[in-house]
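Quick note: the coordinates plus some simple rules give every number you see, no bench work behind them. What you see is a predicted model; the values in this text were computed from it and never measured. No Cβ is skipped: glycine too gets one built from the backbone with ideal geometry, and neighbour counts run over all protein chains shown.
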Amino acid sequence: MDFSNLSNPVAWLRLAVLLGAGAVVYFGALSLFTLRRLRHPRRRTYAWAVARNVPGDPSEIAPGPIAYESWSFSNDGLVFPVWDARGDDADGPVVVLSHGWGASRINMLSRAVAMRPHASRLLLWDMRGHGEAAGGCTLGAREPRDLLALIERAMDGRSGRPFVLYGYSLGAEVTLRTIPMLPASTRGSLGGVALEAPYARGITPARAMLEEMGFPRVVNLPVAMALHALLERRSPADRWRDLVPLAAPLRDAGTRTLVLHGGDDRISPIDDARRIADASGGTLVEIPGAGHSDLFGDDGQVRPALADGIARFFASLRRDERA
């Protein structure tokens, strides 16, 4: 194409068309890459733990290993691995821990250490597209059905104890979306809910994550979210929908709720945690100076304020049982 005579309006039009086509191809490819990145985060498996010298399963926790069994459950044609760990309180609830985006059950071991003194059992699982679970992450679209299948499998005649749902980041969203799905018989055994680093809208952490990576997000992220919605047959506005109303039924049902959040969290704003805590009638434990992923250390150490908030939460569950 000859652009030697750019005084010719036709030449300008051809140049504009060429540049426009290039921009469409660039942003289209960028949006597809963004979609793949969101649906297929890097996996944190045992090899990942070994490379970073952190515990890779409950038996490697120091100073006190946790006895556990490994089993799996199936849903939607996928198999999900589970660690069924023993807690220290035989009369305590069963705690089901759901990790965040880009994490795995390995990352929940530090949370299991904090819950161990108060629980009879601790269930840690890999969500789809994470850890050792097959499939791709659906950003909260299909994961609630998976969590529901886990709860039904774990509670089916194996324990008469109440259970607590603990969700971190994406796991918090999955937890909030799962609770309305619980059948009445199971819903009555829900003793409490703990949400770590929750967010009010799914688009918020995705945007913040891309910003932290120095990755474009203004055009490609909304396009990627729209494509994701089409793949999951959901409304394109779903990731912009406010999740706070999902917390309100917890208040209505009198379900004890604990919200844990870092004051300097740049992925999930602290204001979102406050709104969710208010809507649920729950208790917010804010850790000043903490971010999105450092409330719990990989070394098993638990911040005193966190340990105190968790202890008070489980003590309130025991009081409810006795009432």
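Some observations on this one:
- With both residues required to sit in the chain, DSSP beta bridges show an antiparallel share near 35%.
- Order by protection proxy (mean Cβ within 10 Å, highest first), peptides 111-118, 196-203: 196-203, 111-118
- Rounded to 10°, Cα long-axis angle of helix 9-39 versus longest principal axis of the chain: 10 degrees
- Note on segment 142-199: the C-alpha convex hull projects to 3.7 nm² when averaged across all orientations.
- Applying D = kT/(6 pi eta Rh) to the chain, where Rh is the Kirkwood radius over alpha-carbon pairs, T corresponds to 25 °C and eta to 0.890 mPa s, the Stokes-Einstein value obtained is 118 µm²/s.
- S235 versus D88: modelled label distance in nm, points set 7 Å from Cα along the beta carbon direction: 4.6 nm
- Two-site FRET efficiency, D308 against S74, from Cβ-Cβ distance with R₀ of 35 Å, rounded to 0.05: 0.35
- Cα gyration tensor shape for segment 222-317, rounded if a/c is under 1.5, else prolate or oblate: oblate
- Pairwise FRET efficiency - V25 versus S185, Cβ, R0 = 45 Å, nearest 0.05: 0.25
- Sites V218 and Y46 - FRET efficiency at Förster radius 56 Å, r taken between beta-carbons, to 0.05: 0.90
- Compared with the dominant Cα axis of the chain, that is its longest principal axis, helix 220-232 is turned about 60°.
- Relative contact order of the chain, taken over Cα pairs closer than 8 Å and 6 or more residues apart, is 15 percent.
- For segment 72-180, the relative contact order comes to 34 percent (Cα pairs under 8 Å, sequence separation of at least 6).
- By the beta-carbon count within 10 Å of each Cβ, the least crowded to most crowded order of L19, L195, fewest first, is L19, L195.
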